[in-house]
Amino acid sequence: MNGVLDALNNEYLKVTFIKVEAESFPDISERYSISAVPTFVFTKGGQVVERLDGANVPELRKRIGQLASSLGVVASPAPQVPGEDLDTRLKRLTTSAPVILFMKGTADEPRCGFSRQAIALLREHNSAFSTFNILTDNDVRQGLKKFSDWPTYPQLYVNGEFFGGIDVMKEMDKEGELGPQLPKAKSLEERLKELINRSPIILFMKGCPETPRCGFSRTITQLLSDSNIKFDSFDILEDEEVRQGLKTFSDWPTYPQLYIKGELMGGLEIVKEMLASGELQKMATGS
């Protein structure tokens, strides 16, 4: 979440973002009734106006955008690399994601009917896509018209190639040509299968090995490190979808969860038993 907050901090320069470690400041945690991390508390004039529990990045962006808009604050233009000319910047932006739609507004809050229709088409085909709000950056808004040789918005780019606007998207959809060219958004099950096989040994935990965010995660990382077992980790506090989905996927209701070669070993108590018997060390080394 740190990267997400840094990006939001750059986008909304007139909004103040403050990060507080819940365990280090119990009085603040009590004041705002913090029972889980991360929790996002939105205040105005010292009064709480909104809160969000859990690491739900799309919802976080949406709520910050809504609240900022209600205060008359707009996102700042996309950051520009020092010394970068507009043409270079546009090339970077049009290749910043496999599918990117330059539109008026955001995916959750389109600011024109054509942009709304384009988002609906992309979602209808279950496409994985990013967006760029041209209303926040006039240089990009005007420059992309010449760059694409296309005078209107929205504009769709796929793998760095300009496809066209809403009329082209509709025509391609009618001919059955749009869907096959759009990368599909991965299902949760597909994501989980990729994650558990990302490394030979991966620990799904609260926090990271350097800064565990619960006692069980702290204990299991220490046990694995003391046994010289090298492992990858995934912070389930950073992704609420994975946090909830993996419980059902693995049929295991708590964290941490240790996987070896895509197979669930179990939680802390089972890992303790396997280490005591030497079984886990053998599986880790493949002997």
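The values are calculated or read from the model by the stated rules, or taken from the named source; none is laboratory data. Worth saying up front: this structure is predicted, and the values here are computed from it rather than measured. All Cβ positions, glycine included, derive from the backbone under ideal geometry; neighbour counts span all protein chains shown. The accessibility values were calculated without ligands, DNA or RNA, using every heavy atom of the protein model including side chains. Shrake-Rupley method; radii C 1.70, N 1.55, O 1.52, S 1.80 Å.
Hey, what did the chain get for relative contact order, percent, Cα under 8 Å, at least 6 apart?
Values: 361 pairs, mean separation 39.7, N = 287.
Result for the chain is 14 percent.
For the chain, with only Lys/Arg (+1) and Asp/Glu (-1) charged at the beta-carbon, what is the dipole magnitude about the Cα centre, in debye rounded to 20?
On the way: 34 positive and 40 negative charges, 82 e Å.
With only Lys, Arg, Asp and Glu charged at Cβ, the dipole is about 400 debye.
In nm, give the distance between the simple-model label positions of residue 20 and residue 130, each being 7 Å from the Cα along the Cα-to-Cβ direction.
Roughly 3.3 nm, to one decimal.
Excluding same-chain residues fewer than 8 positions from residue 145, which aspartates and glutamates have a Cα within less than 20 Å of its Cα?
84, 85, 87, 137, 161, 167
How big is the dipole moment of segment 174-262 about its Cα centre under a simple scheme where the beta carbon of each Lys and Arg is +1, that of each Asp and Glu is -1, and everything else is neutral? Debye, nearest 20, please.
Numbers: 13 positive and 14 negative charges, 40 e Å.
That gives a dipole near 200 debye.
Compute the normalised compactness of segment 194-267: alpha-carbon radius of gyration over 2.2 N^0.38 Å, N being the residue count. Let's see the in-between values first.
Numbers: Rg = 11.1 Å, N = 74, 2.2 N^0.38 = 11.3 Å.
Dividing the Cα Rg of segment 194-267 by 2.2 N^0.38 Å gives 0.98.
Given a 1.4 Å probe, how much area per residue of the chain is accessible, in Å²? Walk me through the numbers before you get to the answer.
On the way: 16290 Å² over 287 residues.
Accessible area per residue: 57 Å².
Which FRET efficiency value, to the nearest 0.05, do you get for residue 188 and residue 112 by plugging their Cβ-Cβ distance into 1/(1 + (r/R0)^6) with R0 = 30 Å? Kindly include the intermediate steps, with their values, before the conclusion.
Details: r = 32 Å, r/R0 = 1.05.
After rounding to 0.05, the efficiency reads 0.40.
log₁₀ I(q)/I(0) of segment 123-261 at q = 0.13, 0.21 Å⁻¹, via Debye over equal Cα point scatterers, no solvent, to two decimals?
Debye output, listed in q order: -0.74, -1.17.
State the Cα centre-to-centre distance between segment 212-241 and segment 138-189 in whole Å.
41
Just to be sure I understand: of the beta bridges DSSP finds with both ends in the chain, what percent are antiparallel, rounded to 5?
On the way: 24 of 32 bridges.
For the chain, the DSSP antiparallel bridge percentage is about 75.
Return the subset of 62/184; 19/91; 62/261; 62/146; 104/193; 91/186 for which the Cα-Cα distance in this structure is over 28 Å, preserving the input order. Mind showing how you got there, number by number?
Details: 62/184 23 Å; 19/91 34 Å; 62/261 37 Å; 62/146 31 Å; 104/193 36 Å; 91/186 26 Å.
Pairs exceeding the cut-off: 19/91; 62/261; 62/146; 104/193.
Give the span of the chain's Cα atoms along each principal axis, as three whole-Å numbers ordered largest to smallest.
The Cα atoms of the chain stretch 69, 51, 37 Å along their principal axes.
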